[in-house]
Amino acid sequence: MARFAQSVVIRRPVGEVWAFLARLENETLWQQGLIEARMTSEGPMGLGSTGEEIRSWMGRRVATAWKVTAFEADRRFAFKVTKPMPFTAAYEFATVPEGTRVEMTAEPTGFSRVLWPLIANTARKQYETDFAKLKEVLEAQA
C-alpha cells in the first residue's frame, strides 16, 4: 500500500502541541508552501468541520478542500482531503519521556491511488521539512 507516516518528538507537553495544531491560523507558521488556510464551516474546529487551503506546489497555486473526520483532544486529529487529490490523513499524539510524539499518516483514496507513488516521495520530504519547522516553532515557545 502507498500509505506513509512521518513523526517528530517535540519537547513540549501534549496539551500545548495539540492546542497549537488544532488552531488553523497556526498552519502557515510551520507548513512550507501554505499560503492561506480558512474554515468553510461555522463554529470552532471540531468533528465535521470543513476548510480550504491554498498552497504553492510545484510553482502553482493549488486549492485543497478538507473535512475533519476525527477530533479527540490531546489524542487524534484526522481529516479527508476531497480535492484536488483525495486522501485521508491523521495526526496521532502521544506523551513520551522527551515530550510529545506527533505522527502523521496519509493514505490515498479513490483515483489518487494511481498517482500516489508519484507524489508520495515529495509529500514525505515536505513533511520532514514541515515537522522540523513545527518542532522549532513549538520548542522556541518554551
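Values for this structure:
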item	result
Heavy-atom accessible area per residue - the chain, 1.4 Å, Å²	56 Å²
Most mobile of P13, P97, P44 in a GNM of the chain (Cα contacts under 10 Å)	P97
Average projected area [Cα convex hull, region 5-49], square nanometres	4.4 nm²
Degrees, to the nearest 10: 112-140 long Cα axis against longest axis of the chain	20 degrees
Label-point gap, in nm, between M58 and E136 - each point 7 angstrom along Cα→Cβ	2.6 nm
Bins of 5 Å, starting at 0 and running to the largest distance - Cα pair percent for region 15-76	4, 17, 26, 24, 19, 8, 3, 0
Gyration tensor (alpha-carbon) shape descriptor, region 6-142, a/c threshold 1.5	prolate
For the chain, the longest site-free run once GluC sites (Glu not before Pro) in DSSP loop states with at most 10 other Cβ atoms within 10 Å are removed	43-97
Mean separation of Cα contacts under 8 Å (6+ apart) over length of the chain, as relative contact order %	30 percent
Share of carbon and sulfur in the accessible heavy-atom surface of region 25-74 [1.4 Å probe, %]	51 percent
Cβ-Cβ FRET estimate between E42 and T109, R0 fixed at 25 Å, reported to 0.05	0.45
Residue with peak Gaussian network fluctuation, the chain [Cα springs, cutoff 10 Å], from M85, M58, M104	M58
From the C-alpha gyration tensor of region 73-142, square roots of 5λ in Å	27, 14, 9
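The values are calculated or read from the model by the stated rules, or taken from the named source; none is laboratory data. Remember, predicted model here, so these are calculated numbers, not experimental data. Here Cβ is always computed from backbone atoms with ideal geometry, including for glycine, and neighbour counts include all displayed protein chains. Calculation scope for accessible area: heavy atoms of the full protein, side chains included, ligands and nucleic acids excluded. Shrake-Rupley method; radii C 1.70, N 1.55, O 1.52, S 1.80 Å.
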